[in-house]
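A short write-up of the structure that comes next.
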Amino acid sequence: MNRLPCIEQYGLIGDTQTSAHVCDDGSIDWLCLPRFDSPAVLAGLLGTQKHGSWQIAPARSADRSAEEVVTERRYRGDSLVLESVWRTPTGAVRVLDFMPPRDGAPQVIRMVEGMTGEVQMVSALRPRPGYGRVSPWIHDVGGRMVAEAGADALWLDTSVQQVEKDGAIVSAFAVATGQSVAFVLSWCPSHAAAPDLPDPQAALAETLGFWEDWTRACTYDGPYREPVVRSLIALKAMTYGPSGGIVAAPTTSLPEEIGGGRNWDYRFTWLRDASTTLAALLGTGYRQEARAWRRWLLRAVAGDPENLQIMYGITGERDLRERELPWLPGYEGSAPVRVGNGAADQLQLDVYGEVIETLYLAHQSGVGHCADTAVLHQRLVEHLIQRWQEPDEGIWEIRGARRHFVHSKVMAWVAIDRTIRLIEAGALTIELGPLVELRETIHHEVCTRGFDPERNTFTQSYGSAALDAATLLIPSTGFLPPDDPRVIGTVDAVRRELATPDGLVRRYPTIGDRAGVDGLKGDEGAFILCSFWLVDALALTGRLEEAADLFERLLTLRNDLGLLAEEYDPVRGRQLGNFPQAFSHMGLIQSARLLHRLFTQRSTVSGTAAVPAPRPASRRSQPACSDRTSQHV
């Protein structure tokens, strides 16, 4: 029996147009082709391997248990080329998994290299297009195996014999010391000509060169550089290269609660997520991504900012209708599985602040002036002026009644404040006086209606006693100075009411089996980004050592490849939610940068030591997960 893998047992490979999830048992269980948002051709992650998988691993025999095969893995250098080493009683092999950057057909390449001895290996590809629903027609075309279904054709090329068996393309082969066998899976439309025969070695060199060139441009040289660079690579991997759109995560429906129904499709471009991700990229030297995103924004919003959506498709699509896929049982039975996202039609006023903040940061970072963007900026501000007093669904996309969320109002203030700064810098030509007055009006209202003086804390919404981790952003936005007693009180209240003893922060109180403010039943884990927000709030309020300690604890939540999901279950010790999550990696980068800056400033002023040397990177011990039946053929 094999384990049913935990979310953190997966690694990510990708070509900046789509990606694949590779488990430490050698199985690729999630692959959408040709784009992030295309229907999955391998969907075992949301069901079983029979819903689509591709496993390459040592063959099992009757006298050898699974426990005798040990896997070691890492990324090769600063790249997205994944190396997995298998050690068996007869020898050791290395498997390289990667997706070369492309202009034509997308490819997944898996190279098996003999290290010592001789190892019997099995490759079993079970293509299931249509999110695991369709069994394709598998046949031989001139010595090449192809699986066709509807519009999809998957070509599998290798030098070893391939046979069709029970809906899978299977190869049994041996590799000895110094030998190598490559498998290349290529996608093309089923009506098109077959893709060219691949050159795996040339593709490997090209892929390594692409990532090495990209990471070389990183300007961050502070402590924790390794997790920062690994997070940057993850963010780049979630960027759709042709358009500049950034997906929130490359998966759908990985649960926020095992067995629960909080399962959403994140393969789209949220204005909020993309904006904050761009802020992290800009802060580490990546201006080209900001230029590409700015062009994407202009195309997506077009001439219609009055109907601004909070998310779009990766090339600007507006129709993201949500539906369920009942034939998929969901990850560990977490149903329903959803594609599309109904939150696209929500009103989330904070989005204006995040977008305008990113435009401001781009200007500060030297990204050239764009007249078209200036026009869009002005129209966004004009629309916000008309709507900022309305209740909305807020940053957490509640599916209950709209409220006057404090964070939404604070970000409306940010939008006006950053616009004023750009006007004063000569980058915008908008009348200044009314905006200055509006900025004060919003500020006064939030401090009056969104603050609980008895508990000395900002609340989740006007008139509510509940707290919200998003209020931790108040000092970093500049809404109030970090030494303001109301800021310190809010940080302390969030730690007291929303955080675990380890500092893992929940977004807001949930009600469990009853629907709460978000209109949903069930619970969820601690939100990893909110935990990084607590790092930032502690650092800004002068508690640098506490902030650094919490930051290092959060680093241990990463899997062995440095990847983070959306949430963490502090009881089971497992990652939860869509994986990897742009928000989580953005938070890591921003916290590392802030700690570096503040420790350096303190050192300059006081002559004390700068940022303490990072402790050796560690990971929490991997939890035991359920069993899944071996799919070796």
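Per the Cauchy relation, a quarter of the hull surface: what is the mean projected area of the convex hull of the alpha carbons in segment 201-324, in nm²?
The orientation-averaged projected area of the Cα hull of segment 201-324 comes to 10.3 nm².
Can you give the extra length, in nm with one decimal, that the chain gains between A374 and I423 once fully stretched, where that is 0.36 nm per residue apart less the Cα-Cα distance?
Value of the extension gain: 16.6 nm.
Given C-alpha coordinates of the chain, what is the ratio Rg to Rh with the Kirkwood estimate of Rh?
0.98
Using only alpha carbon pairs under 8 Å that are at least six residues apart, calculate the relative contact order of the chain and give it in whole percent.
The value is 13 percent.
Lysines near K50 by alpha-carbon distance under 26 Å, same-chain residues fewer than 8 away left out - which ones?
Hits, sequence-local ones excluded: K165.
I need R321, R543 ordered by Cβ neighbour count within 10 Å, fewest first.
In order of increasing Cβ crowding within 10 Å: R321, R543.
Helix-only estimate, please: 222 nm mean residue ellipticity of the chain, summing -39500 (n - 2.57) across DSSP H runs of length 4 or more and dividing by its residues, to the nearest 500.
Result for the chain: -10000 deg cm²/dmol, rounded to the nearest 500.
What residue among Y508, I416, T358 has its Cα farthest toward the positive end of the dipole of segment 223-606, where the charges are +1 on Lys, Arg and -1 on Asp, Glu, each on the Cβ?
Farthest towards the positive pole: T358.
For A401 and K521, what is the calculated FRET efficiency with R₀ set at 25 Å and r taken between the beta-carbons, to the nearest 0.05?
0.95
Any read-out appearing in this document is the output of simple, stated calculations on the displayed coordinates, not a laboratory observation. What you see is a predicted model, and the numbers here were worked out from it, not measured in a lab. Note that we place each Cβ from the backbone using ideal geometry, even for glycine, and neighbour counts take in every protein chain shown.
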